[in-house]
Amino acid sequence: MSENLENVTPELVKRKRRGAFAEVLFRLSKSPLAMFGLAIILLLIFCALFAEAISPYSPIKQDLMHMFETPSAEHWLGTDEFGRDILSRLIYGARVSLQVGFIAVGIALVVGGMLGAVSGYYSGWLDNSIMRVMDVLLSIPQTLLAIAIVAALGPSLMNLMIAVGISAVPTYARIVRGSVLSIRSMEFIEAARAVGSSDLRIILRHILPNSMAPIIVQSTLGVASAILNAAGLSFIGLGIQPPNPEWGAMLSGGRQYIRDFPHMTLYPGLAIMFTILALNFLGDGLRDALDPKLKR
């Protein structure tokens, strides 16, 4: 008994007083890179929510008297081939990119999560059927699958989100299935079956909540992949259509002027790079914060 008391450190007492969510936030705050990524994402969300208030100019209004201007006090990041302010278009582009990223991941998470949960819980022929379909989709590069879907549906914001979301479904189905396979044989699942809980209740109330750690990490990283895929589709003309601002479309529009006016492609490229980097930093930090093996 005395030996057990000796093992109770002040840090362990503090951890017990904190809830599970607070403990994850505390561990996440210990990672400087994760906090840097979180700060960038919060800044982008702020820009997306209040784009009308903080944007100095209209993102689509043309001013042919100020075409190809380099960064100045009037236009901090310069103007494009139609005289539109690049900073304003980047701010509004954040709204589009985050919208595509979050909604596409939501589609993939709901569809892939349910398929993976059903597949892992029931096993047998149903598991084999679902996983073979997922294997076929995984054999196709995600970007190529998204191109095929959006080319069939037509270029638009809604079709772009659907295409990026569907192309990511197999990844989430695999992750959820692996978590369900490791959880379904645990004692609390057997107890739920013993008291007469339905399969749907067991999946929704017991299995999926206990599978959230890998899902949260993959969702964070998945938003980065979705934003990158959306920018790639817009770059080749299958995403957001002009004159609506989108980072990939801005890159595509400025590439023919890159020799004389590199600022037209530099700033959209930096926006994409820092967003993907921030999401990856945050995802890595969440992975470490949610990993029980790293707890002290």
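The values are calculated or read from the model by the stated rules, or taken from the named source; none is laboratory data. Since the structure is predicted, the reported quantities are computational estimates derived from the model, not experimental observations. Here the Cβ is made from the backbone with ideal geometry for all residues, glycine too, and neighbour counts use every protein chain on show.
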Taking the range 106-131 and keeping residues among the hydrophobic types (A, V, I, L, M, F, W, C), touching a Ser or Thr at 6+ places or on another chain (Cβ under 9 Å) and closer than 19 Å to Ile189 by Cα leaves Ala117
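Quick grid of which residues meet (1) touching a Leu at 6+ places or on another chain (Cβ under 9 Å); (2) farther than 20 Å from Gly253 by Cβ; (3) buried (at least 20 other Cβ atoms within 10 Å of the Cβ):
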residue	(1), (2), (3)
Glu69	no, no, no
His75	yes, no, yes
Asp80	no, no, yes
Arg84	no, no, yes
Ile91	no, no, yes
Ser97	yes, no, yes
Ile103	no, yes, no
Ala108	no, yes, yes
Can you tell me how many residues within the range 140-196 are more than 22 Å from the chain's Cα centre (by Cα), loosely packed, with under 15 Cβ neighbours inside 10 Å and of a type in the set (Gly, Ala, Ser)?
8
Residue hits (the range 227-272; closer than 14 Å to Asp80 by Cα and among the β-branched types (Val, Ile, Thr)) are Ile258, Thr265
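Residues Val24, Val8: which one is surrounded by 13 or more Cβ atoms within 10 Å (Cβ to Cβ), β-branched (Val, Ile, Thr) and at pLDDT below 90? Explain how you work it out, then say what you get.
On the way: Val8 fails: surrounded by 13 or more Cβ atoms within 10 Å (Cβ to Cβ).
Step by step, each of Val24, Val8 is checked, and only Val24 is surrounded by 13 or more Cβ atoms within 10 Å (Cβ to Cβ), β-branched (Val, Ile, Thr) and at pLDDT below 90.
With Glu81, Glu74, Glu69, Glu52 as the choices, which residue is farther than 30 Å from Asn210 by Cα, part of a helix (DSSP H, G or I) and of a type in the set (Asp, Glu)? Lay out the reasoning, then the answer.
Values: Glu81 fails: part of a helix (DSSP H, G or I); Glu74 fails: part of a helix (DSSP H, G or I); Glu69 fails: part of a helix (DSSP H, G or I).
Exactly one of Glu81, Glu74, Glu69, Glu52 is farther than 30 Å from Asn210 by Cα, part of a helix (DSSP H, G or I) and of a type in the set (Asp, Glu), namely Glu52.
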If Leu200 meets every condition in (1) under 20 Å from Leu286 (Cβ atoms); (2) of a type outside the set (Lys, Arg); (3) modelled with pLDDT under 90 apart from one, which number is that one?
(1)
Taking the range 124-160 and keeping residues within 17 Å of Tyr172 (Cα to Cα) and not in a helix (DSSP H, G or I) leaves Ser139, Ile140, Pro141
With criteria (1) free of Cβ contacts under 8 Å to residues at least 40 places away in the same chain; (2) among the aromatic types (Phe, Trp, Tyr); (3) under 17 Å from Val111 (Cα atoms), Tyr172 comes up short on (1)
Here are some residues: Gly269, Gly196, Gly283. Which one is closer than 25 Å to Ala39 by Cα and free of Cβ contacts under 8 Å to residues at least 24 places away in the same chain?
Gly269
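I need a count of the residues in the range 229-245 that are crowded, with 22+ Cβ neighbours inside 10 Å and either in a helix (DSSP H, G or I) or out of contact with any Pro (no Cβ under 9 Å at 6 or more places or on another chain) (or both).
Initially, the range 229-245 is screened for residues crowded, with 22+ Cβ neighbours inside 10 Å, giving 229-231, 233-234, 238-240, 245.
Okay, now just the ones that are also either in a helix (DSSP H, G or I) or out of contact with any Pro (no Cβ under 9 Å at 6 or more places or on another chain) (or both), so 229-231, 233-234.
Within the range 229-245, residues that are crowded, with 22+ Cβ neighbours inside 10 Å and either in a helix (DSSP H, G or I) or out of contact with any Pro (no Cβ under 9 Å at 6 or more places or on another chain) (or both) number 5.
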Criterion first (within 19 Å of the chain's Cα centre (by Cα), outside any loop (DSSP other than H, G, I, E, B), over 16 Å from Gly101 (Cα atoms) and at pLDDT 90 or above) does Gly269 satisfy it?
yes
Residue check, Leu270 against (1) buried (at least 22 other Cβ atoms within 10 Å of the Cβ); (2) within 20 Å of Trp76 (Cβ to Cβ), all met but one. Which one?
(1)
